There are 2 protein chains.
Amino acid sequence: MQEAARRSGIERRRVTIRDVGRAAGVSVATVSRALNGSESVTLETRARVQRVAKELDFVPHAGAQSLSLQRTDTIGVILPDLHGEYFSELIRGLDLGARNCRRNLLLSASHGDISEAIGALRTMRSRVDGLVVMSPFTDGDLLVDAVNGAVPLVLLSTRASAGADAAFGVDNRAGAAAVTRHLLDEGHRPIAFIGGPADNLDAQERLRGFREAHVEARVKPGPVLRGNFREESGFSAGLLLLQKRLPDAVFAANDAMALGCLQALREAGVRIPEDVALAGFDDIPLARFLDPPLTTAGVRIAEIGRQAVECCVGLGEGRATAPTQNLFAPTLVVRASSLNRRRAGPPPSPTGGTT
Amino acid sequence: MQEAARRSGIERRRVTIRDVGRAAGVSVATVSRALNGSESVTLETRARVQRVAKELDFVPHAGAQSLSLQRTDTIGVILPDLHGEYFSELIRGLDLGARNCRRNLLLSASHGDISEAIGALRTMRSRVDGLVVMSPFTDGDLLVDAVNGAVPLVLLSTRASAGADAAFGVDNRAGAAAVTRHLLDEGHRPIAFIGGPADNLDAQERLRGFREAHVEARVKPGPVLRGNFREESGFSAGLLLLQKRLPDAVFAANDAMALGCLQALREAGVRIPEDVALAGFDDIPLARFLDPPLTTAGVRIAEIGRQAVECCVGLGEGRATAPTQNLFAPTLVVRASSLNRRRAGPPPSPTGGTT
DNA sequence: TTGTAAGCGTTATCAG
DNA sequence: CTGATAACGCTTACAA
């Protein structure tokens, strides 16, 4: 038939429901009913069909089922990236949610490009029952348009768009303010800030929290550098900081950049936290293994992913499982990197540590 | 019609090719041809169809296309886990390969359970054009049976099964031997080994490399502990080691366990590498950020993923892109954690360091 | 209880 | 160049 049917290798035709029917001496309808547990099938018929199906190693064609049933049992996910500690944690949560709901995960990366995200969206929207999209762009409405109501849409890290069915995010402002306050409380000033991409909502809010905490404390903020949330940009920012008089502390808008900055400073012989204190945001698993362990704003990344998927599935089933807008509050995680040890002479013992 | 068609929320019917045809005053066949760039369509007709399609925001239904075309443009991937540094890197490579080939990625985790893996396989095999499966179980044949030739199957970290179309892996034995030799060359002995799961092929081979290097050097190996490749098991192993006289060095079968062991030892006040040297396997991104940076066997994880996907796609298109069996050679990555600093008194300066 | 046949949304064949 | 129409593999009214 179809030209494309020419398979490479052994031409092994799929076993279809028709084959099972023929072999069992019943119609395809009966096979379908028998295999899907419909009431109206004789026990005897069902048994025979099941036996034959097993013998023939029949596996229903999921694509055909989807077409007929109008559901795919698949949730599409579009993230800026698929790797790195942050997304890895997120994916763990997404997977967890998908397992709980017995759904598959169709994953795609937008690489931070909104047009790529929209492209992926259009490819996906007819393959999935729902979409979970992380689009930290300021203009999430474009995404909503692309989905066009075809399937439930759950947004991550996005200002609630009127069109989206739900949104999950982190209270970045509060988290950043908490970290900033902590640094100020430790006596560090000025505090430099390494920000994220300008068009990234999370980044904007974190900067805002940083500034508000300074206003509140009546302290003048240190320099604000631009980064892109990647480790390298933190490294570059660190180099930049080294060119002038060092601030007392550096607050990077995420842990990856804090890590990069840490490297740059350390390579220059700057001690953390004795010479410069350091803090990040996200609490990626790596944070506590750094030397020194990194102070940061703890976000339950995986939990967000899980809830997002489960909410998305729920929406597809007509349940409104969660409020439209869900904001997770980060918790301040104080580790050694931010403590004020300027007074200390020799490095303290590994276990102890003065505050 | 179909019961399931009742959608929650606004009942927004999909725009189908039929709608476009009607609006453009042509048949569905012509719409299909016009949109898919067939030669035999008047320029004028094509233009009109395209305009109408855009106006109606028509997006072809991927599922229906798949059913008709017998291809899904999707590669299925089954991994033991979706998170953690190792799989994160692997996924990065898989994504890269998929992008290069313009394919989607259907991801699933087997959580180390072969029956779960088989379940996922059966769900997937009619949704994808090919499968990339990482099944570090000793019996990969079960997987081959489950796929049953329906689509190309590429195995990761598995002994080449007759039934698989290709396999990618790491030369675990050589890598482990190299690390072991390095530790012995540094003068460490005995060396304890923290192994992976017993039924895991990678783990078996790494243990073998460890032993062979000892035989070759005519040195008696230290104790061999059992782990499961996760951080916690490395931690437990570390605790176990602490109960007896400490070995000169510990070689963990992967970096995650090395990390766990490092923690256990450090919490007990043991200095690395002064008191005990440490090495891992994989060179996950985290390894170089540890304190001290971890000596390990460097595996180009992402590269394996990329090649596996591209090979899988190639197989589906009838091309035999790569040899059936592909073994990547790890490179020894020597960092501070394995050096012999037993002679040194006080901790060396951050920059320097004796060998 | 079972079979027939009409969809699900495409593409491809075959006449016109 | 274009239009019917038969697949693709499955589910489900409707009839028997």
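Between beta-carbons, use under 9 Å as the cut-off and find the net charge around B:PRO190, counting Lys and Arg +1, Asp and Glu -1.
Computed value for this residue: +1.
Residue by residue through the stretch B:296-309, which ³J(HN,Hα) values in whole Hz follow from phi under the Karplus form 6.51 cos²θ - 1.76 cosθ + 1.60 (θ = phi - 60°), with glycine and proline marked x?
Coupling constants for the stretch B:296-309: 6, 9, x, 10, 7, 4, 4, 4, 4, x, 4, 4, 4, 5 Hz.
What length, rounded to one decimal in nm, is gained on full extension from A:ASP291 through to A:ASN100, with 0.36 nm per residue of separation minus their alpha-carbon distance?
65.1 nm
I'd like the distance separating the alpha-carbon centroids of the stretch B:73-112 and the stretch B:147-172, in whole Å.
Rounded to whole Å, the Cα centres lie 15 Å apart.
Pull up all non-local amide H partners of A:ASN326: gap of 5 or more, or a different chain, and H-to-H distance under 5 Å with H placed in the peptide plane.
Residues meeting the amide H criterion: A:ALA167, A:PHE168, A:GLY169.
Once the Cβ-Cβ distance between B:ASP199 and A:LEU242 is put in as r, and R0 is 56 Å, what FRET efficiency do you end up with, to the nearest 0.05?
Efficiency at R0 = 56 Å is approximately 0.65.
Which loop-located chymotrypsin sites (Phe, Trp or Tyr not before Pro) does the stretch B:66-141 contain, where loop means any DSSP state but H, G, I, E or B and the Cβ has at most 16 other Cβ atoms within 10 Å?
Of the chymotrypsin sites (Phe, Trp or Tyr not before Pro), not one in the loops of the stretch B:66-141 has a Cβ with at most 16 other Cβ atoms within 10 Å.
Using a ≥ b ≥ c from the Cα gyration tensor of chain B (square roots of the eigenvalues), is it rounded, prolate or oblate, where a/c under 1.5 gives rounded and otherwise the larger of a/b and b/c decides, a/b for prolate?
Prolate.
Using just the helices of chain B, give the 222 nm mean residue ellipticity in deg cm²/dmol: DSSP H runs with n ≥ 4 each add -39,500 (n - 2.57), and the total is spread over all residues, rounded to 500.
-12500 deg cm²/dmol
To the nearest 0.05, what FRET efficiency results for B:LEU67 and B:HIS111 with a Förster distance of 41 Å applied to their C-beta separation?
That gives a FRET efficiency of 0.85.
Along Cα→Cβ, 7 Å out, is where each label goes; now give me the distance between the ones at A:ALA47 and A:ARG122 in nm to one decimal.
Taking the two extended label points, one gets 5.5 nm.
Considering only C-alpha atoms, what is the centroid distance from the stretch A:281-333 to the stretch B:200-270, in Å?
34 Å
Enter the angle in degrees (range 0 to 90, nearest 10) between the Cα long axis of helix B:84-100 and the first principal axis of the Cα atoms of chain B, meaning the one along which they spread out most.
40 degrees
Translational diffusion coefficient, Stokes-Einstein: compute it for the stretch B:54-180 using the Kirkwood radius over C-alpha pairs as Rh, at 4 °C and 1.567 mPa s, and state it as an integer in µm² s⁻¹.
Stokes-Einstein gives a translational diffusion coefficient of 82 µm²/s.
Calculate the tail of P(r) for the protein assembly as shown: the fraction of all Cα-Cα distances greater than 48 Å, expressed in %.
Pairs farther apart than 48 Å: 24 percent.
With every protein chain in place, what's the accessible area of A:VAL26 (1.4 Å probe, Å², nearest 10)?
Per-residue accessible area (A:VAL26): approximately 40 Å².
To the nearest 0.05, how large is the calculated FRET efficiency for A:GLU267 and B:ALA29 if R₀ is 60 Å and r is the Cβ-Cβ distance?
0.35
For the stretch A:175-277, rounded, prolate or oblate, judged on the Cα gyration tensor with a ≥ b ≥ c (square roots of eigenvalues), a/c < 1.5 rounded, else prolate if a/b > b/c?
Oblate is the answer for the stretch A:175-277, as a/c is 1.5 or above yet b/c matches or exceeds a/b.
The values are calculated or read from the model by the stated rules, or taken from the named source; none is laboratory data. All values reported here derive from a predicted model rather than from experimental measurement. FYI the Cβ positions are ideal-geometry reconstructions off the backbone, even for glycines, and counts take in every protein chain you see. The accessibility values were calculated without ligands, DNA or RNA, using every heavy atom of the protein model including side chains. Shrake-Rupley method; radii C 1.70, N 1.55, O 1.52, S 1.80 Å.
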